1. I'd like the full set of residues that are loosely packed, with under 11 Cβ neighbours inside 10 Å and over 15 Å from K61 (Cα atoms), limited to the stretch 214-241.
2. All but one of (1) within 20 Å of R188 (Cβ to Cβ); (2) modelled with pLDDT of 90 or more; (3) of a type in the set (S, T, N, Q) hold for S25; which doesn't?
3. Name every residue in the stretch 135-154 that is touching a helix residue (DSSP H, G or I) at 6+ places or on another chain (Cβ under 9 Å) and either modelled with pLDDT under 75 or assigned by TED's automatic domain parsing to the domain that holds E195 (or both), in order of residue number.
4. What's the number of the condition V191 fails, among (1) in contact with a His (Cβ under 7 Å, 6 or more places away or on another chain); (2) at pLDDT 90 or above; (3) β-branched (V, I, T)?
5. Residue by residue through the stretch 185-226, note down the ones that are over 14 Å from F68 (Cα atoms) and hydroxyl-bearing (S, T, Y).
6. Would you say S223 is of a type in the set (G, A, S) and either modelled with pLDDT of 85 or more or within 20 Å of the chain's Cα centre (by Cα) (or both)?
7. Based on what the data block shows, is F212 touching a Ser or Thr at 6+ places or on another chain (Cβ under 8 Å) and closer than 27 Å to V28 by Cβ?
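The values are calculated or read from the model by the stated rules, or taken from the named source; none is laboratory data. Keep in mind it's a predicted model, so treat the numbers as computed, not measured. Every residue, glycine as well, gets a Cβ built from its backbone with ideal geometry; the counts of neighbours run over all protein chains shown.
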Amino acid sequence: MFAGCLHSLLCSVLEHPSEPVPRISEEVLWEAKQLGAHSPSVLLNTLMYFSVKYFKLNTVKDNANLSFTSITKQWQKVPKARSLRVLRYSGKGHGAGSTKPKEGCEDQVENVENPDRCPVKIYEFYLSKCPDAVANLSFTSITKQWQKVPKARSLRVLRYSGKGHGAGSTKPKEGCEDQVENVENPDRCPVKIYEFYLSKCPDAVKDREDAFFMQPERSCQPSGAMWFTSQPLAEEVMARMLTRFCMVKEVKDIRKDLFKDR
């Protein structure tokens with residue numbers, strides 16, 4: 001009942017392009033257990049969220065056309081190892097000569113993927129806004145240093161070919177991104193979540209070329225072997241899921257695609 005009311009409310013706002021849309025971050029969904037593998041519905045929600053975020057499948061038709069055989073697991077070489085800047089706290093009056101952080105402390109490592117959240121850049125910006133006269137105070141216990149990134153290695157990726165069978169595809173469909181293995185946080189890893197989904201589906205559906213999102217079992221238990229049936233998920237259910245994603249900051253482009261034909 002709540003889900004139906006929420007869907008109706010969202011549609012009434014989203015169908016009017018001039019109306020501002022309230023936004024939440026992806027992190028909120030993970031923390032609220034609306035993403036993950038906690039239940040069949042949450043698992044489906046997560047798989048579809050990843051298909052929107054990475055495969056750019058923003059409409060009901062796009063996701064209804066996704067199939068088990070159009071997604072493949074492949075190995076991808078991580079870009080060559082490089083050095084990153086770190087902020088190091090020595091715990092002493094002056095840390096310029098310190099080669100190790102204070103015991104129990106961790107370095108603040110440069111975030112090259114998201115500069116707006118990079119500790120080093122934020123620290124540099126802070127320094128630029130402070131008077132020069134404070135530079136010799138406790139600022140000296142923090143130093144910027146270079147740290148070598150661990151040796152490059154191969155990671156698994158999920159690749160969408162856009163064809164009926166993607167086993168031989170060496171490149172993702174144009175406009176799509178691979179879903180890259182998250183080794184730092186396995187609970188949020190697209191590859192592991194995909195593998196878990198396969199383990200909860202009947203073997204008979206895993207070679208289907210006409211569907212990927214399957215309908216949950218009516219009376220399945222979290223500890224049960226099977227969570228899903230052999231029936232594709234209804235398109236009206238997909239529509240409700242996609243509509244909720246319009247509120248997520250990380251997939252803001254979905255709104256114009258989802259409602260352009262309405």
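1. Going through the stretch 214-241, the residues loosely packed, with under 11 Cβ neighbours inside 10 Å turn out to be 218-219, 221-223, 225, 236.
Passing the criteria: R218, S219, Q221, P222, S223, A225.
2. (2)
3. Once the filter is applied, which keeps residues that are touching a helix residue (DSSP H, G or I) at 6+ places or on another chain (Cβ under 9 Å) and either modelled with pLDDT under 75 or assigned by TED's automatic domain parsing to the domain that holds E195 (or both), the stretch 135-154 yields A135, F139.
4. Result: V191 passes all but (1).
5. Correct list: S219, S223.
6. Values: of a type in the set (G, A, S): yes; either modelled with pLDDT of 85 or more or within 20 Å of the chain's Cα centre (by Cα) (or both): no.
Against the criterion (of a type in the set (G, A, S) and either modelled with pLDDT of 85 or more or within 20 Å of the chain's Cα centre (by Cα) (or both)), S223 does not qualify.
7. Working: touching a Ser or Thr at 6+ places or on another chain (Cβ under 8 Å): yes; closer than 27 Å to V28 by Cβ: yes.
Yes: the conditions hold for F212.
Here is a yes/no grid of residues against (1) more than 17 Å from V251 (Cα to Cα); (2) under 20 Å from the mean Cα position of the chain (by Cα); (3) charged (D, E, K, R); (4) modelled with pLDDT of 90 or more:
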residue: K53; (1), (2), (3), (4): no, yes, yes, yes
residue: A64; (1), (2), (3), (4): yes, no, no, yes
residue: W75; (1), (2), (3), (4): yes, yes, no, no
residue: G91; (1), (2), (3), (4): yes, no, no, no
residue: G95; (1), (2), (3), (4): yes, no, no, no
residue: S98; (1), (2), (3), (4): yes, no, no, no
residue: G104; (1), (2), (3), (4): yes, no, no, no
